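Notes follow once the structure below has been shown.
The values are calculated or read from the model by the stated rules, or taken from the named source; none is laboratory data. Computed from a prediction, not measured in an experiment: that's the story for all the values here. Cβ atoms come from the backbone with ideal geometry, glycine included; neighbour counts cover every protein chain shown.
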Amino acid sequence: MMPWWGICLILFGTFIMFTIIKAFSKSKKPAKSAILSMFCGFISLLLVNLTGIFTGVTLPISLLTVLTAVIGGIPGVTLLLGLNLFF
């Protein structure tokens, strides 16, 4: 298992990357936009698992899935769902 400081470093690096991308795209508030993107990915992962009771589609909550959801946002969760379909 990855140490906690490694996870924090990955999340901080993701935040910095999103902030830089948002700043280059002329966003008025790049840090807020980056946090919102990361938060939307995490919430979408939780919503997929919450609605899994009704749909039968769930994703395991692990370090890999959470980091993919936070780094990739909603497209990251969609990627996880697609990979879950095939594997």
Are any residues in segment 44-68 of a type in the set (Val, Ile, Thr) and either surrounded by 15 or more Cβ atoms within 10 Å (Cβ to Cβ) or in contact with a Cys (Cβ under 8 Å, 6 or more places away or on another chain) (or both), and if so, which ones? 48, 65, 66, 68
Answer yes or no as to whether residue 18 is out of contact with any helix residue (DSSP H, G or I) (no Cβ under 7 Å at 6 or more places or on another chain) and not basic (Lys, Arg). no
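Restricting attention to segment 1-43, which residues are part of a loop (DSSP other than H, G, I, E, B), without any contact (Cβ under 8 Å) to a residue 24 or more places away in the chain and exposed (fewer than 14 other Cβ atoms within 10 Å of the Cβ)?
Across segment 1-43, the qualifying residues are 3, 25, 26, 28, 29.
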Unmet criterion (only one of (1) surrounded by 14 or more Cβ atoms within 10 Å (Cβ to Cβ); (2) in contact with a Gly (Cβ under 9 Å, 6 or more places away or on another chain)) for residue 75: (1)
Testing residue 60 on (1) part of a helix (DSSP H, G or I); (2) at pLDDT 90 or above, one condition comes back false. Which one is that? (1)
